[in-house]
Amino acid sequence: MHPIKSNLQPVVEQRIGRNLLRYQLVELRLKALLPLRKIDFSDEGISDFKERSARVQTQTLGQLIAGLLDSVEGAPSPDRAQRIDEFLRARNWLAHHLLASHGALQSDTDCTACIERLDLDYAAAEIVAAEVMMATRITFKMIRAFVEAWEQAGANLSEGTQLMAAIERHLGDETPMKIEITMPPDSVENILAVVMRRLHHERHDPEGWTHFAVAGQVARRESPDLPKKGLLDIARKLEGFQFGQRPAGAPNAAWMFRPTS
(Lines give C-alpha, C1' and ligand atoms only; values in the text may rest on other atoms or scores of the structure.)
Protein backbone atom coordinates (compact mmCIF):
# COMPACT_ATOMS: atom_id res chain seq x y z
CA MET A 1 0.00 0.00 0.00
CA HIS A 2 1.40 3.39 -1.03
CA PRO A 3 1.73 6.09 1.66
CA ILE A 4 -0.72 8.99 1.51
CA LYS A 5 0.90 12.03 -0.07
CA SER A 6 0.38 15.63 0.99
CA ASN A 7 -2.52 17.56 -0.49
CA LEU A 8 0.03 20.31 -1.19
CA GLN A 9 1.88 18.17 -3.73
CA PRO A 10 -0.12 19.59 -6.72
CA VAL A 11 0.90 23.10 -5.60
CA VAL A 12 4.54 22.04 -5.53
CA GLU A 13 4.21 20.52 -9.00
CA GLN A 14 2.80 23.81 -10.33
CA ARG A 15 5.73 25.72 -8.84
CA ILE A 16 8.17 23.22 -10.37
CA GLY A 17 6.67 23.76 -13.81
CA ARG A 18 6.76 27.54 -13.43
CA ASN A 19 10.42 27.57 -12.34
CA LEU A 20 11.45 25.10 -15.02
CA LEU A 21 9.89 27.28 -17.72
CA ARG A 22 11.81 30.29 -16.39
CA TYR A 23 15.12 28.44 -16.60
CA GLN A 24 14.32 27.27 -20.12
CA LEU A 25 13.45 30.82 -21.15
CA VAL A 26 16.86 32.04 -19.99
CA GLU A 27 18.45 29.18 -21.93
CA LEU A 28 16.55 30.13 -25.09
CA ARG A 29 17.51 33.79 -24.74
CA LEU A 30 21.19 32.92 -24.31
CA LYS A 31 21.08 30.75 -27.41
CA ALA A 32 19.73 33.76 -29.31
CA LEU A 33 22.13 36.27 -27.73
CA LEU A 34 25.55 34.61 -27.77
CA PRO A 35 25.91 34.19 -31.56
CA LEU A 36 24.99 37.88 -31.99
CA ARG A 37 27.84 39.21 -29.85
CA LYS A 38 30.13 39.17 -32.89
CA ILE A 39 28.45 39.24 -36.28
CA ASP A 40 29.51 40.32 -39.76
CA PHE A 41 26.84 40.76 -42.43
CA SER A 42 29.03 39.56 -45.26
CA ASP A 43 28.22 36.22 -46.88
CA GLU A 44 31.03 34.64 -44.88
CA GLY A 45 29.89 36.37 -41.70
CA ILE A 46 26.28 35.19 -42.08
CA SER A 47 27.54 31.64 -42.67
CA ASP A 48 29.72 31.86 -39.55
CA PHE A 49 26.75 33.19 -37.56
CA LYS A 50 24.61 30.24 -38.64
CA GLU A 51 27.33 27.79 -37.62
CA ARG A 52 27.73 29.43 -34.21
CA SER A 53 23.95 29.43 -33.75
CA ALA A 54 23.83 25.71 -34.51
CA ARG A 55 26.63 25.01 -32.02
CA VAL A 56 25.01 26.81 -29.08
CA GLN A 57 21.77 24.87 -29.54
CA THR A 58 23.48 21.79 -28.10
CA GLN A 59 25.09 23.52 -25.13
CA THR A 60 23.91 23.16 -21.56
CA LEU A 61 22.72 26.10 -19.48
CA GLY A 62 26.01 26.06 -17.57
CA GLN A 63 27.98 26.27 -20.82
CA LEU A 64 25.78 29.11 -22.06
CA ILE A 65 26.24 31.10 -18.87
CA ALA A 66 30.00 30.55 -19.13
CA GLY A 67 29.85 31.80 -22.72
CA LEU A 68 28.03 34.92 -21.61
CA LEU A 69 30.62 35.68 -18.93
CA ASP A 70 33.50 35.00 -21.34
CA SER A 71 32.04 37.51 -23.82
CA VAL A 72 32.25 40.33 -21.25
CA GLU A 73 35.58 42.00 -20.66
CA GLY A 74 36.85 41.88 -17.11
CA ALA A 75 35.54 39.89 -14.18
CA PRO A 76 31.86 40.22 -13.24
CA SER A 77 31.02 42.07 -10.04
CA PRO A 78 30.93 39.88 -6.91
CA ASP A 79 27.15 40.39 -6.59
CA ARG A 80 26.53 39.39 -10.19
CA ALA A 81 28.86 36.41 -9.99
CA GLN A 82 27.09 35.22 -6.86
CA ARG A 83 23.67 35.76 -8.44
CA ILE A 84 24.58 33.69 -11.51
CA ASP A 85 26.18 30.96 -9.38
CA GLU A 86 23.04 30.72 -7.24
CA PHE A 87 20.90 30.69 -10.41
CA LEU A 88 22.78 27.65 -11.75
CA ARG A 89 22.76 25.85 -8.40
CA ALA A 90 19.00 26.43 -8.05
CA ARG A 91 18.37 25.03 -11.50
CA ASN A 92 20.50 21.95 -10.77
CA TRP A 93 18.74 21.47 -7.42
CA LEU A 94 15.36 21.57 -9.17
CA ALA A 95 16.44 19.07 -11.81
CA HIS A 96 18.33 16.62 -9.59
CA HIS A 97 17.81 17.07 -5.85
CA LEU A 98 14.34 18.46 -5.07
CA LEU A 99 12.72 15.19 -4.03
CA ALA A 100 15.69 14.05 -1.98
CA SER A 101 15.84 17.41 -0.20
CA HIS A 102 12.17 17.39 0.78
CA GLY A 103 11.22 13.84 1.69
CA ALA A 104 9.77 13.00 -1.72
CA LEU A 105 6.97 15.51 -0.88
CA GLN A 106 5.20 13.02 1.37
CA SER A 107 4.19 15.49 4.11
CA ASP A 108 2.71 18.96 4.37
CA THR A 109 5.89 20.12 6.11
CA ASP A 110 8.08 18.89 3.26
CA CYS A 111 5.80 20.44 0.66
CA THR A 112 5.58 23.78 2.45
CA ALA A 113 9.38 24.02 2.75
CA CYS A 114 9.74 23.11 -0.92
CA ILE A 115 7.21 25.76 -2.00
CA GLU A 116 9.10 28.41 -0.04
CA ARG A 117 12.38 27.39 -1.69
CA LEU A 118 10.83 27.37 -5.16
CA ASP A 119 9.32 30.84 -4.65
CA LEU A 120 12.67 32.28 -3.58
CA ASP A 121 14.47 30.64 -6.49
CA TYR A 122 11.88 31.95 -8.95
CA ALA A 123 12.30 35.53 -7.72
CA ALA A 124 16.08 35.23 -8.13
CA ALA A 125 15.71 33.65 -11.58
CA GLU A 126 13.51 36.56 -12.69
CA ILE A 127 16.40 38.97 -12.15
CA VAL A 128 18.84 36.88 -14.19
CA ALA A 129 16.22 36.40 -16.90
CA ALA A 130 15.66 40.15 -17.10
CA GLU A 131 19.41 40.84 -17.33
CA VAL A 132 19.79 38.38 -20.19
CA MET A 133 16.77 39.80 -21.99
CA MET A 134 18.03 43.37 -21.62
CA ALA A 135 21.44 42.37 -22.97
CA THR A 136 19.69 40.71 -25.92
CA ARG A 137 17.60 43.81 -26.60
CA ILE A 138 20.62 46.12 -26.43
CA THR A 139 22.60 43.91 -28.81
CA PHE A 140 19.62 43.58 -31.13
CA LYS A 141 19.06 47.35 -31.17
CA MET A 142 22.67 47.99 -32.18
CA ILE A 143 22.65 45.38 -34.93
CA ARG A 144 19.34 46.67 -36.26
CA ALA A 145 20.76 50.22 -36.41
CA PHE A 146 23.75 48.85 -38.31
CA VAL A 147 21.52 47.00 -40.79
CA GLU A 148 19.26 50.00 -41.33
CA ALA A 149 22.24 52.32 -41.89
CA TRP A 150 23.71 50.06 -44.54
CA GLU A 151 20.37 49.50 -46.26
CA GLN A 152 19.88 53.26 -46.42
CA ALA A 153 23.28 53.41 -48.10
CA GLY A 154 22.03 50.98 -50.73
CA ALA A 155 23.65 47.79 -49.45
CA ASN A 156 21.82 44.49 -49.88
CA LEU A 157 21.50 43.03 -46.40
CA SER A 158 18.37 40.98 -46.99
CA GLU A 159 19.62 38.12 -44.83
CA GLY A 160 20.37 40.58 -42.06
CA THR A 161 16.85 42.01 -42.29
CA GLN A 162 15.37 38.52 -42.10
CA LEU A 163 17.56 37.80 -39.09
CA MET A 164 16.34 40.93 -37.32
CA ALA A 165 12.71 40.02 -37.99
CA ALA A 166 13.26 36.52 -36.61
CA ILE A 167 14.85 37.84 -33.42
CA GLU A 168 12.10 40.41 -32.98
CA ARG A 169 9.51 37.64 -33.19
CA HIS A 170 11.53 35.64 -30.70
CA LEU A 171 11.59 38.50 -28.19
CA GLY A 172 7.88 39.13 -28.64
CA ASP A 173 6.12 41.60 -26.39
CA GLU A 174 7.84 40.62 -23.15
CA THR A 175 8.32 43.51 -20.75
CA PRO A 176 11.61 43.49 -18.81
CA MET A 177 11.74 44.04 -15.08
CA LYS A 178 12.95 47.48 -14.04
CA ILE A 179 16.43 46.66 -12.83
CA GLU A 180 19.77 48.38 -13.07
CA ILE A 181 22.26 46.67 -15.35
CA THR A 182 25.52 47.63 -16.97
CA MET A 183 25.65 47.94 -20.74
CA PRO A 184 27.77 45.12 -22.18
CA PRO A 185 31.34 46.44 -22.68
CA ASP A 186 31.46 45.46 -26.33
CA SER A 187 28.41 47.66 -26.96
CA VAL A 188 30.77 50.66 -26.99
CA GLU A 189 32.57 49.08 -29.92
CA ASN A 190 29.29 48.33 -31.68
CA ILE A 191 28.06 51.90 -31.26
CA LEU A 192 31.32 53.30 -32.64
CA ALA A 193 31.30 50.93 -35.61
CA VAL A 194 27.73 51.88 -36.54
CA VAL A 195 28.38 55.63 -36.22
CA MET A 196 31.69 55.45 -38.11
CA ARG A 197 30.22 53.56 -41.05
CA ARG A 198 27.28 55.97 -41.22
CA LEU A 199 29.52 59.05 -41.13
CA HIS A 200 31.89 57.58 -43.68
CA HIS A 201 28.96 57.18 -46.05
CA GLU A 202 27.82 60.75 -45.43
CA ARG A 203 31.16 62.55 -45.42
CA HIS A 204 34.58 61.42 -46.56
CA ASP A 205 37.36 62.99 -48.59
CA PRO A 206 38.32 61.84 -52.11
CA GLU A 207 40.67 59.25 -50.64
CA GLY A 208 37.93 57.81 -48.41
CA TRP A 209 39.09 59.29 -45.08
CA THR A 210 36.71 60.65 -42.40
CA HIS A 211 37.60 62.63 -39.25
CA PHE A 212 37.26 60.48 -36.15
CA ALA A 213 36.66 63.49 -33.88
CA VAL A 214 33.29 63.97 -35.56
CA ALA A 215 32.41 60.30 -35.10
CA GLY A 216 33.28 60.53 -31.41
CA GLN A 217 31.08 63.61 -30.97
CA VAL A 218 28.13 61.98 -32.74
CA ALA A 219 28.52 58.73 -30.78
CA ARG A 220 28.52 60.56 -27.45
CA ARG A 221 25.55 62.71 -28.47
CA GLU A 222 23.51 59.64 -29.46
CA SER A 223 24.72 57.50 -26.54
CA PRO A 224 25.47 59.76 -23.54
CA ASP A 225 26.60 56.79 -21.40
CA LEU A 226 29.73 56.26 -23.51
CA PRO A 227 33.07 56.83 -21.76
CA LYS A 228 34.16 60.47 -21.67
CA LYS A 229 37.68 59.53 -22.76
CA GLY A 230 39.38 56.77 -24.67
CA LEU A 231 36.99 56.34 -27.62
CA LEU A 232 39.85 56.70 -30.11
CA ASP A 233 41.80 53.91 -28.42
CA ILE A 234 38.74 51.66 -28.54
CA ALA A 235 37.98 52.54 -32.17
CA ARG A 236 41.54 51.85 -33.33
CA LYS A 237 41.15 48.25 -32.16
CA LEU A 238 38.02 47.67 -34.25
CA GLU A 239 38.30 45.27 -37.13
CA GLY A 240 37.30 46.59 -40.54
CA PHE A 241 38.78 50.08 -40.19
CA GLN A 242 42.09 51.73 -41.05
CA PHE A 243 43.32 54.68 -38.99
CA GLY A 244 45.92 57.30 -39.78
CA GLN A 245 46.96 60.83 -38.88
CA ARG A 246 46.20 63.12 -41.81
CA PRO A 247 47.87 64.99 -43.40
CA ALA A 248 50.72 62.61 -42.61
CA GLY A 249 53.61 64.32 -40.86
CA ALA A 250 51.82 67.69 -40.60
CA PRO A 251 51.84 69.47 -37.20
CA ASN A 252 48.06 69.83 -37.37
CA ALA A 253 47.44 66.21 -38.38
CA ALA A 254 44.14 64.74 -37.15
CA TRP A 255 43.12 61.15 -36.62
CA MET A 256 41.04 59.89 -39.53
CA PHE A 257 39.62 56.53 -40.50
CA ARG A 258 38.26 54.64 -43.47
CA PRO A 259 36.62 51.21 -43.74
CA THR A 260 38.71 48.34 -45.04
CA SER A 261 35.76 46.01 -45.52
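The values are calculated or read from the model by the stated rules, or taken from the named source; none is laboratory data. Keep in mind that this is a model prediction, so the values were computed, not measured. Side chains included, ligands, DNA and RNA excluded: accessible areas come from the protein's heavy atoms. Shrake-Rupley method; radii C 1.70, N 1.55, O 1.52, S 1.80 Å.
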Fill in: Long-range amide H partners of residue 254 with built H, under 5 Å
246
Response to the item:
Taking the alpha-carbon centre of each part, the distance from region 127-141 to region 188-261 in Å is 28
Worksheet item: Sorted by accessible area with a 1.4 angstrom probe, largest first, how do 228, 31 fall?
Response: 228, 31
Discussion item. Can you give me the long-range amide H partners of residue 107? Hydrogens built in the peptide plane at 1.01 Å from N, cutoff under 5 Å, separation of 5 or more residues or another chain.
Written reply: 6
